[in-house]
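Working notes for the structure below.
Quick note: the coordinates plus some simple rules give every number you see, no bench work behind them. Just so we're clear, the structure is a prediction, and the values are computed from it rather than from any experiment. Using ideal geometry, Cβ is built from the backbone for each residue, glycine included, and neighbour counts are taken over all protein chains shown.
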């Protein structure tokens, strides 16, 4: 009787802790929790080997670039539960991120620049706890965006991402500006102004794994967000970032090389 109970439970526990594979190259899953919500698995982080500094906040992890004074990528997990527990109001508490050892950009860098302090991990995704909402306003999570872009198609894409989380129960998001040489900058900290922004979205829940990515110019647009849909491979080529290196190679290759917007229509 003991074996009949213990063995199925052990098998279930093993599947939960090691959902992506058993290769020695794969990282062991680490789970963080806040307000009884499972936060993230390190198996879904991009390659961290090129990070100047890896910063972990409660609900998102970022790779900070000192050269550009902003994140090279911000990664987080978003679930239907998080989207449906939006009890916290927007704080607008923009402030320096003290966890960045080299010093993050400051709110003053954006004053009279004509650019919004554009969220990478949106405040709208972080309203399920006071701490996560507050941390969404750290300047390491900001990038200079033209108002027509930030308040227009970028906001529309953020809303769609929340809809996909609600529909698919759980997704992983990686997002930032495309950082490249010779970008203009604002403020005394020389915060680079990206010409393009990207979002990479992964649904790694059965019965169907799927992924999609977007590359959008930092300008207003009346087009559908799907007009900017691309493969993850395209974003990797543009940014030099390996987004999901811990996935089994065959699954990673298929998901990152294909794009099918029809699978994401709401």
**Request:** Based on other C-beta atoms within 10 Å, arrange 134, 65 from fewest to most.
**Result:** 134, 65
**Prompt:** Could you give the distance between the Cα centres of the range 109-163 and the range 236-266, to the whole Å?
**Reply:** 24 Å
**Item:** Projected area averaged over orientations for the range 134-221, convex hull of C-alpha atoms, nm²
**Value:** 6.9 nm²
**Message:** Quick check: from the Cα gyration tensor, does the range 30-264 come out rounded (a/c under 1.5), prolate or oblate?
**Reply:** rounded
**Asked** Given labels modelled 7 Å from the Cα in the Cβ direction, how far is it in nm from residue 102 to residue 254?
**Response** 3.9 nm
**Pairwise label distance in nanometres, residue 188 with residue 227, each label 7 Å out on the Cα-Cβ vector** = 4.1 nm
**Asked** Over the range 190-251, what is the mean sequence separation of C-alpha contacts under 8 Å (at least six apart), divided by residue count, expressed as relative contact order in percent?
**Response** 25 percent
**Prompt:** When 83, 63, 121 are ordered from fewest to most other Cβ atoms inside 10 Å of their Cβ, what list results?
**Reply:** 83, 63, 121
**Fill in**
The relative contact order of the range 115-214, taking Cα pairs under 8 Å that sit 6 or more residues apart, comes to a percentage of 23 percent
**Fill in**
A chain fully extended from residue 195 to residue 84 at 0.36 nm per residue, minus the present Cα-Cα distance, gains in nm 36.6 nm
**Asked** When only Cα pairs under 8 Å and 6 or more residues apart are kept, what is the percent relative contact order across the range 49-207?
**Response** 28 percent
**Message:** So if each residue of separation counts as 0.36 nm, and I subtract the Cα-Cα distance between residue 66 and residue 54, what length gain in nm does that give?
**Reply:** 3.2 nm
**Asked** Of 239, 79, how do they rank once you tally other Cβ atoms within 10 Å and put the fewest first?
**Response** 79, 239
